[in-house]
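Read the structure below first, then the notes.
The values are calculated or read from the model by the stated rules, or taken from the named source; none is laboratory data. Nothing here was measured: the structure is a model prediction, and the numbers come from that model. FYI the Cβ positions are ideal-geometry reconstructions off the backbone, even for glycines, and counts take in every protein chain you see.
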């Protein structure tokens, strides 16, 4: 086994992360943290829908988990809505000598962009524990770092760099967090958390800041915009029921401005049905979703990424890819000097889990 791993939480992303860790030939699962009482004491295999037993049972005993001989914690707890609980927990893990790769706390995708009050305690914990913290995913994450950094290697003059997520979210069964955050199913009188000033910059601004630094440019400002489309009649999706007048699509942007024009743009268009917001950008025909990078300039470059899950669904694929983005980083993160790191600090991190036979 290459690295000894603790999986922290078994929710939406953690379920898939745990499956990948259990089946990965270069990883040894040594511990599982669970918040829910009904998950404590259950074998890891049963928590992620795999047959048989691993011999590793879930626990909520943090001291016992941190006493384990482990190289890294894969941290997939949802933390954006409760940073004052999650940051101290991460500090404790890092100080105990465990590296962390995380899909939570997305404001740390580019640590220099993060609020110093949240970043500095984690930096201190890393240096006290001799550990490294890396936060990433698919979006924010891969679509806003690896994809554009690859496209920029083919470019000369850059007039605009645009990163897009254009995805039908109807099969993304996460109404409690994603549905509420985006405002899906709610009327125009409801203000979603993502529509509040500064929230988009807090969540996706790290991607814009990272790309600005990669381009060697100082942004004059970062502008936010948030729009919604509303259903004319009720309909039902796997995520939720949408009433007439309820939000059926969301479009938002962050624009990194230079000289009065947008240079770096991250754009989301997320629908709950195909016919919603027909005038907004769409994925290619026949595709329910795409992560796309467009470099407008000379030469122009466009890269598109499509993901598909084990069940054939694109949203399952997105969650699996989110987990694998950090799982594949484990060797590089464990080999790195202590501190908070971003994709700019790490080498290319391909999967080495090859089919044999």
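Residue-by-condition table, conditions (1) part of a helix (DSSP H, G or I); (2) over 23 Å from residue 218 (Cα atoms); (3) in contact with a helix residue (DSSP H, G or I) (Cβ under 7 Å, 6 or more places away or on another chain); (4) not assigned by TED's automatic domain parsing to the domain that holds residue 221:
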| position | (1), (2), (3), (4) |
| --- | --- |
| 121 | yes, yes, yes, yes |
| 127 | yes, yes, no, yes |
| 150 | yes, no, no, no |
| 155 | no, no, no, no |
| 161 | no, no, yes, no |
| 178 | yes, yes, no, no |
| 189 | no, yes, no, no |
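Being in contact with a strand residue (DSSP E or B) (Cβ under 9 Å, 6 or more places away or on another chain) and surrounded by 19 or more Cβ atoms within 10 Å (Cβ to Cβ) is the filter here; which residues of segment 238-250 pass it?
Scanning segment 238-250 gives 242, 246, 247, 248, 249, 250.
From 296, 322, grab the single residue that is surrounded by 21 or more Cβ atoms within 10 Å (Cβ to Cβ) and either in contact with a strand residue (DSSP E or B) (Cβ under 7 Å, 6 or more places away or on another chain) or assigned to a strand (DSSP E or B) (or both).
322
Across segment 264-293, what is the number of residues that are closer than 30 Å to residue 213 by Cβ and within 23 Å of the chain's Cα centre (by Cα)?
Of the residues in segment 264-293, 14 are closer than 30 Å to residue 213 by Cβ and within 23 Å of the chain's Cα centre (by Cα).
Looking at (1) more than 27 Å from residue 229 (Cα to Cα); (2) modelled with pLDDT under 95; (3) surrounded by fewer than 22 Cβ atoms within 10 Å (Cβ to Cβ), can you tell me which one residue 130 breaks?
(2)
Condition check ((1) touching a helix residue (DSSP H, G or I) at 6+ places or on another chain (Cβ under 7 Å); (2) in contact (Cβ under 8 Å) with a residue 60 or more places away in the chain; (3) under 24 Å from residue 193 (Cα atoms)) across all residues:
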| residue | (1), (2), (3) |
| --- | --- |
| 212 | no, no, no |
| 222 | yes, no, yes |
| 227 | no, no, yes |
| 235 | no, no, yes |
| 247 | no, yes, yes |
| 259 | no, no, no |
| 267 | no, yes, yes |
| 283 | no, yes, no |
| 293 | yes, yes, no |
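Only one residue in 51, 25, 83 is surrounded by fewer than 21 Cβ atoms within 10 Å (Cβ to Cβ), touching a helix residue (DSSP H, G or I) at 6+ places or on another chain (Cβ under 9 Å), farther than 20 Å from residue 178 by Cβ and not assigned by TED's automatic domain parsing to the domain that holds residue 177, so which one is that?
Only one candidate qualifies: 51.
If only one of 311, 279 is out of contact with any strand residue (DSSP E or B) (no Cβ under 9 Å at 6 or more places or on another chain), within 27 Å of residue 353 (Cα to Cα) and outside any strand (DSSP E or B), which one is it?
Only one candidate qualifies: 311.
Name the one entry in 153, 164 that is under 30 Å from residue 306 (Cα atoms) and free of Cβ contacts under 8 Å to residues at least 24 places away in the same chain.
Answer to the selection: 153.
Which of (1) assigned by TED's automatic domain parsing to the domain that holds residue 160; (2) free of Cβ contacts under 8 Å to residues at least 40 places away in the same chain is the odd one out, the single condition residue 328 does not satisfy?
Exception for residue 328: condition (1).
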